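Asks: Okay, here's the structure, questions in a sec.
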Amino acid sequence: MPAARKFSRYLWAAPATLIGLVAALIARAGGGSLRICDGMIEAEAPLLARLPAPLQVSAVTLGHVVIGADRDALAASRLHERVHVRQYERWGALFFPLYVGSSLFALLRGRNPYWDNHFEREAYRAERAGAMAARRAGTAAVASEEAHEQKQSDHRNAEREFGCGGEREADSRAPAGLRRGADVRSHG
Ligand SMILES: [Zn+2]
């Protein structure tokens, strides 16, 4: 992507990113860690898992900032949250009223405000497609040695595209006790 276009996407999403940065810094003060991952900031916020049940999510995206309950939650929801990042790049700060409007529209039709939200449906579609692609790569890999090599290559590509290299860790001070599984039901 040309640098100017990339910059304009960051600029357009900046109001939401600023809110995300404040939330990420509060999370860091509460014991979470921050790292830069493929042009986004990922923040661990153990407090997220301690919210009352209706508000409990494993991860939430605000502009180019993704906040997750812990590292496992961030990894598990990466595909999903990246769709939300793209949505912020498309809609900027308008994403907030559009998201709420989509939930209200779902409610008015007697649907679920979260699962039938347009933006969540788009994110879950991408998540399912990613999971299917990963399964296909796994099946192909056992067929032959050649396929195995392809899997290694796919895996490396997937890591480049979706992964977050440990060498880019900014801080890994979160205690091991926080490394619990992503046991909450939804992403933000
Ligand atoms: Zn979501």
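The values are calculated or read from the model by the stated rules, or taken from the named source; none is laboratory data. The structure presented is a predicted model; accordingly, all values stated were derived computationally and were not measured. No Cβ is skipped: glycine too gets one built from the backbone with ideal geometry, and neighbour counts run over all protein chains shown.
Asks: Can you tell me which of Leu51, Leu47 is of a type in the set (A, V, I, L, M, F, W, C) and within 16 Å of the ligand (Cβ to nearest atom)?
Replies: Of the residues listed, the single one that is of a type in the set (A, V, I, L, M, F, W, C) and within 16 Å of the ligand (Cβ to nearest atom) is Leu51.
Asks: I'd like to check something: does segment 57-70 contain any residue that is of a type outside the set (Ser, Thr, Tyr) and surrounded by fewer than 17 Cβ atoms within 10 Å (Cβ to Cβ)? Spell out the reasoning first.
Replies: Applying the first criterion (of a type outside the set (Ser, Thr, Tyr)) to segment 57-70 yields 57, 59-60, 62-70.
Still in the list and also surrounded by fewer than 17 Cβ atoms within 10 Å (Cβ to Cβ): none.
No: segment 57-70 contains no residue that is of a type outside the set (Ser, Thr, Tyr) and surrounded by fewer than 17 Cβ atoms within 10 Å (Cβ to Cβ).
Asks: A further question follows. Could you tell me which numbered condition Phe95 fails, if it satisfies all but one of (1) within 16 Å of the ligand (Cβ to nearest atom); (2) over 15 Å from the mean Cα position of the chain (by Cα); (3) surrounded by fewer than 18 Cβ atoms within 10 Å (Cβ to Cβ)?
Replies: The one condition Phe95 does not meet is (3).
Asks: Confirm whether Ala45 is at negative phi and in contact with a His (Cβ under 9 Å, 6 or more places away or on another chain).
Replies: Working: at negative phi: yes; in contact with a His (Cβ under 9 Å, 6 or more places away or on another chain): no.
No; evaluated as a whole, the condition is false for this residue.
Residue-by-condition table, conditions (1) β-branched (Val, Ile, Thr); (2) under 13 Å from Tyr88 (Cβ atoms):
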site	(1), (2)
Leu11	no, yes
Val22	yes, no
Leu25	no, no
Arg28	no, no
Asp38	no, no
Ala53	no, no
Thr61	yes, yes
His64	no, yes
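Asks: Restricting to segment 104-123, name every residue that is of a type in the set (Phe, Trp, Tyr) and either modelled with pLDDT of 95 or more or more than 19 Å from Arg82 (Cβ to Cβ) (or both). First the steps, then the outcome.
Replies: Taking segment 104-123 as the starting set, the residues that turn out to be of a type in the set (Phe, Trp, Tyr) are 105, 114-115, 119.
Listed by number, the residues that qualify are Phe105, Trp115, Phe119.
Asks: For Leu79, work out the one condition from (1) under 25 Å from Trp12 (Cα atoms); (2) touching a helix residue (DSSP H, G or I) at 6+ places or on another chain (Cβ under 6 Å); (3) at pLDDT below 95; (4) surrounded by fewer than 18 Cβ atoms within 10 Å (Cβ to Cβ) it doesn't fulfil.
Replies: (4)
Asks: While we're looking at this one, here's another question. What is the residue count in segment 28-63 for residues that are touching a residue at least 40 places away in the same chain (Cβ under 8 Å), closer than 21 Å to Phe96 by Cα and not polar (S, T, N, Q)? Full working, then the answer.
Replies: Quick first cut of segment 28-63, residues touching a residue at least 40 places away in the same chain (Cβ under 8 Å) only: 28, 31-38, 40, 42, 44, 46, 49, 56-63.
Filter again for closer than 21 Å to Phe96 by Cα, leaving 40, 42, 56-63.
From what is left, the residues that are not polar (S, T, N, Q) are 40, 42, 57, 59-60, 62-63.
Summing the residues that are touching a residue at least 40 places away in the same chain (Cβ under 8 Å), closer than 21 Å to Phe96 by Cα and not polar (S, T, N, Q) in segment 28-63 gives 7.
Asks: Is it the case that some residue within segment 107-117 is without any contact (Cβ under 8 Å) to a residue 12 or more places away in the chain, within 12 Å of the ligand (Cβ to nearest atom), surrounded by fewer than 16 Cβ atoms within 10 Å (Cβ to Cβ) and among the hydrophobic types (A, V, I, L, M, F, W, C)?
Replies: yes
Asks: Quick check on Ser58: is it over 30 Å from Ala3 (Cα atoms) and in contact with a Phe, Trp or Tyr (Cβ under 9 Å, 6 or more places away or on another chain)?
Replies: On the way: over 30 Å from Ala3 (Cα atoms): yes; in contact with a Phe, Trp or Tyr (Cβ under 9 Å, 6 or more places away or on another chain): no.
Criteria not met by Ser58.
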